[in-house]
């Protein structure tokens with residue numbers, strides 16, 4: 001019989017950070033939580049540290065790759081072996097927060113949700129720390145919008161708990177041909193596609209501490225992401241203000257670029273350029289086509305789906321839908 005929670009961690013040359021992760025993991029009850037590591041052919045002594053940790057903890061499992069296959073493959077290897085009712089991801093240089101995890105598990109049991117989102121603590125290189133602000137409005141729990149507005153939602157893939165049976169049912173997997181940055185988006189899309197309101201819940205206690213490191217591989221991408229988020233927030237706020245002027249605003253805004261306000265056009269273009277530069281635009285288009293198939297081929301359903309998306313994605317997706325009708 002499986003345990004209550006599986007925590008999976010992909011490890012590649014993370015020796016200098018592992019003890020911090022171990023310290024947080026030691027706070028969990030060994031009988032209720034299993035910890036699954038995948039060593040992706042580390043060369044810095046990480047595997048030896050994992051072996052020492054396993055020797056002291058009966059709830060630790062270590063999986064090994066003979067060659068470095070990348071973060072997507074390492075995560076998939078671990079997910080294939082987990083046995084817990086729920087699972088959560090932890091990066092090898094971050095920390096799981098036990099109090100937040102236990103609160104999320106309790107919320108999941110009480111609501112019968114398939115996914116429970118929590119805030120996370122964002123630790124800057126200078127030591128400053130702030131919690132993310134989790135959007136608790138009902139609108140934010142609409143799974144159709146959740147994927148497209150995930151960064152606006154205030155969670156990340158490591159601060160969410162998912163039922164393992166849901167993972168098996170939707171057969172979600174990380175892409176194994178992508179570099180370090182970019183493997184989360186397709187996996188998240190598979191998890192949230194087709195969920196209903198009642199199947200998503202939020203807990204207000206942070207379950208994860210995310211460490212931003214100046215010299216990390218993803219640091220340049222994080223700076224681009226923050227710039228993108230600022231533009232997206234400004235655009236979404238403008239959209240919601242204009243939407244209050246009348247129900248027909250969305251219809252008017254969707255027709256052609258020429259019918260839109262020039263300022264909105266510039267913002268939309270700037271945001272879409274940021275998406276392309278970050279390598280996300282193509283992925284969003286691909287995931288849109290994939291998710292759209294789950295809602296049938298009725299043009300009305302596609303139109304309703306497109307209306308649920310943020311404004312900076314609406315125009316290109318509408319043009320695509322019209323060509324398919």
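Specify the residue that is surrounded by the fewest Cβ atoms within 10 Å (Cβ to Cβ); the eligible residues are those in the range 1-15 that are over 20 Å from the mean Cα position of the chain (by Cα) and touching a residue at least 24 places away in the same chain (Cβ under 8 Å). Looking at residues that are over 20 Å from the mean Cα position of the chain (by Cα) and touching a residue at least 24 places away in the same chain (Cβ under 8 Å), I get 2. A single member of 80, 24, 32 is over 21 Å from residue 186 (Cα atoms), in the same structural domain as residue 173 (by TED's automatic domain parsing) and surrounded by fewer than 15 Cβ atoms within 10 Å (Cβ to Cβ), and it is 32.
Checking the structure you have, find out if any residue of the range 156-170 is modelled with pLDDT under 85 and surrounded by 13 or more Cβ atoms within 10 Å (Cβ to Cβ). So far as the range 156-170 goes, yes, one or more of its residues are modelled with pLDDT under 85 and surrounded by 13 or more Cβ atoms within 10 Å (Cβ to Cβ). Scanning the range 29-47 for residues that are out of contact with any helix residue (DSSP H, G or I) (no Cβ under 6 Å at 6 or more places or on another chain) and not in a helix (DSSP H, G or I) returns 29, 30, 31, 32, 33, 34, 41, 42, 43. Somewhere in the range 46-61, is a residue closer than 17 Å to residue 209 by Cα and surrounded by 15 or more Cβ atoms within 10 Å (Cβ to Cβ)? No, the range 46-61 has no match at all.
Listed here are the residues, each with its yes/no results for (1) modelled with pLDDT under 95; (2) assigned to a helix (DSSP H, G or I).
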position: 17; (1), (2): yes, yes
position: 49; (1), (2): no, yes
position: 62; (1), (2): no, no
position: 68; (1), (2): yes, no
position: 87; (1), (2): no, no
position: 91; (1), (2): yes, no
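For the range 189-209, the set of residues classified as buried (at least 19 other Cβ atoms within 10 Å of the Cβ) and in contact with a strand residue (DSSP E or B) (Cβ under 9 Å, 6 or more places away or on another chain) consists of 191, 192, 195, 200, 201, 202, 203, 206, 207, 208, 209, listed by residue number.
The values are calculated or read from the model by the stated rules, or taken from the named source; none is laboratory data. All figures in this text were calculated on a predicted structure; none of them were measured in a lab. Methodologically, a virtual Cβ is constructed for each residue, glycine included, from the backbone with ideal geometry; neighbour enumeration extends over all protein chains shown.
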